[in-house]
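The values are calculated or read from the model by the stated rules, or taken from the named source; none is laboratory data. Keep in mind the model is a prediction, meaning the values are calculated, not measured. Virtual Cβ from ideal backbone geometry, glycine too; neighbours counted across all protein chains shown.
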Amino acid sequence: MNAPTTDAPAAYRRATVIGGGVIGISWAALFLAHGLEVTVNDPRPDAEQQVLAGLAEITPTLSELGLPTEDFTSRLRFEADLAAAVADADVVQENGPERLEVKQRIWRAVEHAAPAHALLATSTSGIPATAIAEAMEQPERLVVGHPFNPPHLVPLVEIVPGAKTSARTLLQARGFYASLGKKPQVLRKEIPGFVANRLQSALFRECVHLVAEGVVTEAELDEIVTNSIGLRWAVAGPFRTFHLGGGPGGLPHFIQHLGSAMEATWPGLGNPTFDEPTVAVLTEQAQEAFGDETVGELAAGRDRAQIALMRALGKTPDTAPDIAAVRT
């Protein structure tokens, strides 16, 4: 959960958010709630309207978290020119389309226009920083700061260095996100998709398979997950769960006694594709399961439950560190 504070993170006063979609709006909301001046850069003619509408939807969740939201849009401005948008930024959080050539074009322009001290982070959900930074003259400045959606609520930020990302940039990123009450995790090795999305993708692949094969419906599968592994993993995570499953002998005992049975199920796991029949089944069942509420209503209910769960689990952040020295 993002820590309540009325002060901007140390050494960071101005943030530029590139891209005013769902992730960009969520980042902008979090930055504003922590006292930063925020500039949103998005070339769409209706970007300002979309961002303001999104912020209005998010505001109740921020208030529930104890974050200040009164008049916080007074520190928000919109700038369609990319160079002008990043000219005085202390941090740039890019949320552009998930296309390598687009991100390369953005960062080629940003590195020349942003101040030398600025933290440069991309929210990409899977493109390695190494690939994006190939177009940059200063690849050491770029780092992946991948949030788990929505950034204003879910604590995780995966910090993933590229081949040339500097240690200073990593320290900057970790300090900045921690100062916002996030739980940054620096990956030890660059890998496409990073960690959280790879885990989510692996599980969702089997979910699609089970629904497509008629084993369960979407609604039934969601009930199974939220009443079993969802609850358990929120408390312990997979490895701790199976370590406990091994009793006094821990994980080695679990693997010794149950590992072969688990491994025997792996070849039979599904390998579905999003072909037309599968998409038709998934679409029909989604309408049946969730069609009585709007996406906004569903998201609001999810966020309320998520906050309650995080509070019950004590998932509140430590006091934000002083990261002023990181910029020097």
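Please enumerate the residues belonging to the stretch 191-239 that are among the hydroxyl-bearing types (Ser, Thr, Tyr) and free of Cβ contacts under 8 Å to residues at least 24 places away in the same chain. Before the answer, list the steps.
The first filter runs over the stretch 191-239 and keeps only residues among the hydroxyl-bearing types (Ser, Thr, Tyr), leaving 201, 217, 226, 228.
Of everything in the stretch 191-239, those that are among the hydroxyl-bearing types (Ser, Thr, Tyr) and free of Cβ contacts under 8 Å to residues at least 24 places away in the same chain turn out to be Ser201, Thr226, Ser228.
Return a yes/no flag: does the stretch 85-108 have any residue that is modelled with pLDDT under 95 and either among the polar types (S, T, N, Q) or farther than 18 Å from Ala28 by Cα (or both).
no
Out of all the residues in the stretch 260-292, which are among the aliphatic types (A, V, I, L, M) and more than 21 Å from Ala202 (Cβ to Cβ)?
Ala280, Ala289 - these are the residues of the stretch 260-292 that are among the aliphatic types (A, V, I, L, M) and more than 21 Å from Ala202 (Cβ to Cβ).
Hey, among Ile18, Ile106, which residue is more than 18 Å from Leu180 (Cα to Cα), in contact (Cβ under 8 Å) with a residue 40 or more places away in the chain and buried (at least 24 other Cβ atoms within 10 Å of the Cβ)?
None of the others qualify; the one that does is Ile18.
Only one of (1) at pLDDT 95 or above; (2) in a helix (DSSP H, G or I) fails for Gly214. Which number is that?
(2)
Output the residue which, of all residues in the stretch 295-313 that are loosely packed, with under 14 Cβ neighbours inside 10 Å and not aliphatic (A, V, I, L, M), is farthest from Asn149 (Cα to Cα).
Selected residue: Arg311.
Which residues, taken from the stretch 251-273, are surrounded by 14 or more Cβ atoms within 10 Å (Cβ to Cβ) and without any contact (Cβ under 8 Å) to a residue 24 or more places away in the chain?
Within the stretch 251-273, Leu251, His253, Phe254, Ile255, Gly259 meet the criteria.
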